[in-house]
Amino acid sequence: MGLSRTMRRVGRMAEPAPRTSAHRPPGAAGLGGSVQVRHVDAGSCNGCEIEIGQAFSPVYDAERHGVRLVASPRHADVLTVTGPVTVNMAGALRKTYDAMPEPRLVVAVGDCARDCGLFAGGYGVLGPVSDVVPVDVQVSGCPPEPAAIVSALRALTGR
Ligand code: SF4
């Protein structure tokens, strides 16, 4: 009883949205403040996936900022991609991107997605994400912290 009364009194708590208009990709304005996200692991070590999982956990709670994970690229506005793109995953990544309706945006999460990171030069590595699909937002780090991932996604929703 005490908890529900406190919740009513305090209301929704979230820090103000970052001043991101300068970094906001042009396509984000048409998304109406909420984005549906399809994720593709194009060859990561899974470290970035753990941090993305945390970004949607109750602690960081990306959903309160209008970001939601979806299972189908046909329902997605945003594609998050981790890892260097391996030869085996390049086709699947391209097909996923092609299946998304427009406007669509791509977020490269982690150093591997940006420039192949630790895996640069690997025999199975085709290249960074931008070699396969156009990238709108990059998140640095190996792995990036959940707060950085949430911040990048908030730049898309503006919330
Ligand atoms: S950026 Fe780091 S944590 Fe992410 S996939 Fe590459 S090696 Fe793993």
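Observations
- Qualifying position, being within 16 Å of the ligand (Cβ to nearest atom), within 27 Å of residue 29 (Cα to Cα) and among the small types (Gly, Ala, Ser), among 76, 148, 62: 148
- Taken over the range 128-154, the criterion of being charged (D, E, K, R), more than 22 Å from residue 58 (Cα to Cα) and crowded, with 19+ Cβ neighbours inside 10 Å is satisfied by 136 alone.
- Looking across the range 100-127 at every residue that is out of contact with any strand residue (DSSP E or B) (no Cβ under 9 Å at 6 or more places or on another chain) and more than 17 Å from residue 48 (Cβ to Cβ), the one that is surrounded by the most Cβ atoms within 10 Å (Cβ to Cβ) is identified as 103.
- Residue in the range 114-123 that is touching a Ser or Thr at 6+ places or on another chain (Cβ under 7 Å), of a type in the set (A, V, I, L, M, F, W, C) and within 13 Å of the ligand (Cβ to nearest atom) present: no
- Taking each residue of the range 42-59 that is in contact (Cβ under 8 Å) with a residue 12 or more places away in the chain and looking for partners that are more than 8 Å from the ligand (Cβ to nearest atom) and assigned to a loop (DSSP other than H, G, I, E, B) with beta-carbon atoms closer than 8 Å, six or more apart or interchain, yields 42/132; 43/124; 51/145; 54/60.
Where a number appears in this text, it was derived from the coordinates with a stated rule and is not lab data. In this text the structure is predicted, and so the values were computed from the model without any measurement. Cβ atoms come from the backbone with ideal geometry, glycine included; neighbour counts cover every protein chain shown.
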